[in-house]
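One structure is given below, encoded as structure tokens.
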Amino acid sequence: MRFDLQLKRGEDRGQNFGSLFEVPTVDGSVIGAGFQGVYNTYHRTDRHVLQFFKRPGSGGRNFETQTLPRSTDLAGTYLFDVDGSVYSSSEDVRRWDSSSQRWVVDPSDARERMRLGSSLLSFTGGSATCDGVSLLSAPDRGIYHRFFYAHGHLFFYHTYWAEQSGYRLHTTDDEGFSKLYACPWRPKDGLVDLTQAKVITVPVVGEVPFSYGQYKEEVLTCSNIGGVYVFDGESWRTIVEPEIDTSYQVYSMMNFYDRLLLAQYPTGQLFEYAGTEVSLIGGWPPVMEGVSTQAREAQTMAIYGGELYVGVWPWGELWRLNPDSREWTFVRRMISQPPATDKTNHPYEEESAAAGLVANQWGQRVTSLVPHGAGMLISTSA
């Protein structure tokens, strides 16, 4: 079977490029190709990586798992990829060298990187650069952070605590604020012109996102207080209001066919957005047998082999959805100890209590899912 395609992506404005094709075969399998559009807890998967796959119609697959050398002595790390390389972000940044099978310290400490045309955007702490040149001057007060670029706009939050601590409703800017910016910008523009930005003051001081996403020409972000905000290219609107006393956090957003998926805490399930509202998809993914159904967090998503993968906290679960059969398959726990139980919500609750820690301190995360070559790199934390 042979496919000839000519792809014209046009100007790179930070958009997701989506699927190229899916074709059924006579044996019931599906052959396809496409580009991922996913953002997992601080890191966006490289939009330029083209995946080819053959997906069995039966949903059955055989996996081989290889444990790689540790990239850090800490209890967790996050992965990101750019230009064909995979990096680990913890106390420093390290690049996976497949030839030597080891992690090599990277000379750059940039924790978020994105290829935009021939330019490289880097976001670290309160700075945003394009090919090493700063895009923003520091604000008079507070900090710019949690950057994202899509549809010709640079997005970020501006937080000012006003020498106070703790989340609180916004009253006046002098008492603290969190603002959300959408700034039109192209690499040829040099510095970002903040006078052209579309800015909203979000309701809670300290709101900050774990993920961004795109749906058609819109950009979504969800704060750690549960505010879901949508930018349509001209203005912002709020589709979920934040509530200080209600847990609602989205750790991952990913394009999946005709909708945007959002991975949420505390349901541990996926929500969907198709242009109007965010709604729960019940049972996506299921719950591993023998553990509590409470206080769960769907944290990571990826497309690999033409199928949807989801990592779930607090038991380090990895789930797989075959889009043809619409059936979920439990792949495995990514951390094998302690034995699963439904007597507590989280692993090691008794040990955490004895040490004076919060009950969920040793919850087990699948922090990253990064397809790379013929495999997929998976990172964890505990």
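The values are calculated or read from the model by the stated rules, or taken from the named source; none is laboratory data. This structure is a prediction, so every number in the text was calculated from the model and none was measured. Reconstructed Cβ throughout: ideal geometry from the backbone, glycine too, with neighbour counts over all protein chains shown.
Does the range 119-146 hold any residues that are in contact with a Cys (Cβ under 7 Å, 6 or more places away or on another chain) and either among the aliphatic types (A, V, I, L, M) or under 21 Å from G176 (Cβ atoms) (or both), and which are they?
Residue satisfying the conditions is L121 alone.
Report yes if some residue within the range 335-351 is in a loop (DSSP other than H, G, I, E, B), farther than 28 Å from L68 by Cβ, touching a helix residue (DSSP H, G or I) at 6+ places or on another chain (Cβ under 9 Å) and of a type outside the set (K, R); otherwise report no.
So far as the range 335-351 goes, yes, one or more of its residues are in a loop (DSSP other than H, G, I, E, B), farther than 28 Å from L68 by Cβ, touching a helix residue (DSSP H, G or I) at 6+ places or on another chain (Cβ under 9 Å) and of a type outside the set (K, R).
Out of the range 67-103, which residues are of a type outside the set (K, R), surrounded by 14 or more Cβ atoms within 10 Å (Cβ to Cβ) and touching an Asp or Glu at 6+ places or on another chain (Cβ under 8 Å)?
Of everything in the range 67-103, those that are of a type outside the set (K, R), surrounded by 14 or more Cβ atoms within 10 Å (Cβ to Cβ) and touching an Asp or Glu at 6+ places or on another chain (Cβ under 8 Å) turn out to be T72, F80, D81, V82, Y87, V93, W103.
Any residue in the range 98-114 that's free of Cβ contacts under 8 Å to residues at least 12 places away in the same chain: show its pairings with residues that are of a type outside the set (S, T, N, Q) at Cβ separation under 7 Å, as long as the two are six or more apart or on different chains.
Pairs found: V104/R94; V104/R95; V104/D97.
Of the numbered conditions (1) part of a loop (DSSP other than H, G, I, E, B); (2) under 23 Å from G363 (Cα atoms), S325 satisfies every one except a single condition; which is it?
Condition (2) is where S325 drops out.
Which condition does V331 not pass, out of (1) among the aliphatic types (A, V, I, L, M); (2) touching a residue at least 60 places away in the same chain (Cβ under 8 Å); (3) under 21 Å from F271 (Cβ atoms), if it passes all the others?
The single condition V331 does not satisfy is (3).
Among the numbered criteria (1) among the charged types (D, E, K, R); (2) in contact with a strand residue (DSSP E or B) (Cβ under 7 Å, 6 or more places away or on another chain); (3) at pLDDT 95 or above, which one does R13 miss?
Against the list (1) among the charged types (D, E, K, R); (2) in contact with a strand residue (DSSP E or B) (Cβ under 7 Å, 6 or more places away or on another chain); (3) at pLDDT 95 or above, R13 comes up short only on (2).
What do you reckon, is L136 closer than 15 Å to K188 by Cα and either assigned to a loop (DSSP other than H, G, I, E, B) or charged (D, E, K, R) (or both)?
yes
Listed here are the residues, each with its yes/no results for (1) of a type in the set (A, V, I, L, M, F, W, C); (2) touching a strand residue (DSSP E or B) at 6+ places or on another chain (Cβ under 8 Å); (3) in contact (Cβ under 8 Å) with a residue 40 or more places away in the chain.
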site	(1), (2), (3)
D193	no, yes, no
V219	yes, yes, yes
F231	yes, yes, yes
V240	yes, yes, no
A274	yes, yes, yes
I281	yes, yes, no
E297	no, yes, yes
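Of the numbered conditions (1) surrounded by 22 or more Cβ atoms within 10 Å (Cβ to Cβ); (2) closer than 21 Å to R111 by Cα, V202 satisfies every one except a single condition; which is it?
(2)
Within the range 120-128, can one find any residue that is in a loop (DSSP other than H, G, I, E, B), farther than 16 Å from Y42 by Cβ and under 20 Å from the mean Cα position of the chain (by Cα)?
Taking every residue of the range 120-128 in turn, none turns out to be in a loop (DSSP other than H, G, I, E, B), farther than 16 Å from Y42 by Cβ and under 20 Å from the mean Cα position of the chain (by Cα).
Would you check if S108 is out of contact with any strand residue (DSSP E or B) (no Cβ under 7 Å at 6 or more places or on another chain) and more than 21 Å from W185 (Cβ to Cβ)?
no
Within the range 176-190, how many residues are in contact (Cβ under 8 Å) with a residue 24 or more places away in the chain, assigned to a strand (DSSP E or B), crowded, with 17+ Cβ neighbours inside 10 Å and in contact with a helix residue (DSSP H, G or I) (Cβ under 9 Å, 6 or more places away or on another chain)?
Number satisfying all stated conditions: 2.
Just the residues that are of a type outside the set (G, A, S) and within 19 Å of the chain's Cα centre (by Cα), please, taken from the range 346-382.
Listed by number, the residues that qualify are Q364, R365, V366, T367, L369, V370, P371, H372, M376, L377, I378, T380.
Among the candidates T293, T246, which residue alone is at pLDDT below 95, surrounded by fewer than 19 Cβ atoms within 10 Å (Cβ to Cβ) and either among the charged types (D, E, K, R) or under 25 Å from N345 (Cα atoms) (or both)?
Criteria check complete, one pass: T246.
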